[in-house]
Amino acid sequence: LRKLKALARIAESRKWSVVLVTDVMSETIGYITMDNWTFVHGHRTGILMNPEFSREWHKSGRQMESGMRTTKVSAGEWTFISVYAPTSRRKENQERQEFWAKLEPTVETVPSRQTLVVGGDFNAQVGRTQPSEVEEDQSEFIGPYGLSRETKTGTQLRDWLVFNGLCLWSSFFRQ
């Protein structure tokens, strides 16, 4: 609880409305309220909401879901999904395939009128691409800045983003 309160203070000072959190030590879904901030948690992920977004979430009927390493919260025109993907180690490959298979229906259930934000730790490295290397249909999803190499899981993430019409924000800005 002490770490969550510290995170809420940081978020408040930076005027963040929502923070997606990973590596949460909770396997059950639930929520706690502290100083008017709400933290929804489940299956190693969580979503911290400021008082304004928390009120909207409560007004919307406290819509939340938790699946395999995901937590989903919807309020007003927004849906946030926090994810914590398994690593790419061989022993976790089956778990990783299950993660992707269960994430897809979670994304598909978001109404098109809502703004969807998916974030967290995908345990993937998406490589740097030059504008000429990016396929025309990918340029709006993947930017020119990334890491010096792309892992197999990075390619899987790239393909998933393009398929779902989502973009990798960090690839559009110099780090």
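Details
- Whichever residue in the range 68-92 is of a type outside the set (A, V, I, L, M, F, W, C) and out of contact with any strand residue (DSSP E or B) (no Cβ under 8 Å at 6 or more places or on another chain) and, among such residues, is surrounded by the most Cβ atoms within 10 Å (Cβ to Cβ): PRO86
- Yes/no for GLU133 being among the acidic types (Asp, Glu), at pLDDT below 85 and assigned to a loop (DSSP other than H, G, I, E, B): yes
- Positions within the range 36-69 being closer than 18 Å to PHE99 by Cβ and among the polar types (S, T, N, Q), in sequence order: THR45, SER66
- Check on GLY120, at pLDDT 80 or above and open to solvent by 30 Å² or more (accessible area, probe 1.4 Å): yes
- If the condition is being surrounded by 21 or more Cβ atoms within 10 Å (Cβ to Cβ) and among the charged types (D, E, K, R), then the range 23-67 contributes only ARG44.
- Criterion (within 25 Å of PHE163 (Cα to Cα), open to solvent by 40 Å² or more (accessible area, probe 1.4 Å) and at pLDDT 95 or above) met by exactly one of LEU7, LEU20: LEU20
- Residue in the range 145-156 that is closer than 19 Å to ARG69 by Cβ, open to solvent by 60 Å² or more (accessible area, probe 1.4 Å) and modelled with pLDDT of 80 or more present: yes
The values are calculated or read from the model by the stated rules, or taken from the named source; none is laboratory data. Quantities reported herein were computed from a predicted structural model and do not represent experimental measurements. Positions of Cβ are backbone-derived with ideal geometry, glycine not excepted, and every protein chain shown enters the neighbour counts. The area values use the complete protein model at the heavy-atom level, side chains included, leaving out ligands, DNA and RNA. Shrake-Rupley method; radii C 1.70, N 1.55, O 1.52, S 1.80 Å.
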